[in-house]
Amino acid sequence: MAFTLPRPLSHSSISMFQECPQKYKFKYLDKLPEKPRHFFSFGSSVHQALEFFYGGKALPAPALEDVLAYYKENWLSAGYKDPGQEAQYFQDGKDILVQFYRKHIKDFALPFFVEYKFDLNVDGVPVTGMIDRIDKLEDGRLSVIDYKTGKALARGRVESDSQLTMYQLACERLLGASVAKLSFYHLPSLKEQIVERHPEALIDGLKKRIVATAESISGGRFEPKPAENVCRW
């Protein structure tokens, strides 16, 4: 079946469509302008610094001073309500990076991939995404890590999260290796939720959700789902 989509689907666009099809239409078809959000700027700034930390091609790891300098030089300022809020978030990010560095520098190893961009076809639907970090284990299998900078993660979320399911599907199809572990790394707390690879039932469910979303978009089905906590954004 041929699908007519404004762009390849991603975890975030599928989630948005499920939350409210009209919200998806506003963003991806009508391209309505959006106000910058400070939490996106903050997350991107910290992610970029970690990409610099792990993104080298050879040992040794960058010095902490170099990581912090990169963070400062590439800080994203959009979306903050005032200089005071921005300064507080900048300090929070700096603290995260210092603590992360001190915790992991002793076992630093070059990852298999950092910021791995994937494009694949799922039953005729183009799908894209970006994985924060992929490590190759001693047995040749893969460990997939996704960084989170927001609120504390719900317990057990890692066990069935569709974003990690999509990452597993992409890695195993494109990199030719089995995924052994999936994890969310909550940076503010330096705590990691780790689970073994997701079962095939979750992969099958994800594929069906991808196709169903593509069918609805191609069919122009953008019915709104009014909800106060969604619509106010």
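Here are the numbers:
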item	result
Prolate/oblate/rounded call for the range 80-145, Cα gyration tensor, a/c under 1.5 rounded	oblate
Relative contact order (percent, whole number), the range 116-233, Cα cutoff 8 Å, 6+ residue spacing	23
Per-residue SASA entry for residue 112, accessible area with 1.4 Å probe, Å² rounded to 10	80
Bridge type composition, the range 87-209 - antiparallel percent by DSSP, nearest 5	75
Prolate/oblate/rounded call for the range 147-233, Cα gyration tensor, a/c under 1.5 rounded	oblate
Restraint check, 72/148; 27/191; 35/81; 31/151; 136/208, Cα-Cα greater than 23 Å	27/191; 31/151; 136/208
HN-Hα J in Hz across the range 68-78 - Karplus 6.51, -1.76, 1.60, θ = phi - 60°, x for Gly and Pro	5, 5, 5, 4, 5, 5, 10, 4, 9, 9, 5
Relative contact order (%) - the chain, alpha-carbon pairs under 8 angstrom, separation at least six	24
Residue 17 accessible area, assembled protein chains, probe 1.4 Å, Å²	20
With DNA, RNA and ligands ignored, accessible area of residue 40 (1.4 Å probe; Å², nearest 10)	130
Antiparallel DSSP beta bridges within the chain, percent to nearest 5	70
Rg over Rh, two decimals, the chain (C-alpha only, Kirkwood Rh)	0.98
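The values are calculated or read from the model by the stated rules, or taken from the named source; none is laboratory data. All values derive from a computational prediction rather than experimental measurement. Heads up: the accessible areas ignore ligands, DNA and RNA and are worked out on the full protein's heavy atoms, side chains in. Shrake-Rupley method; radii C 1.70, N 1.55, O 1.52, S 1.80 Å.
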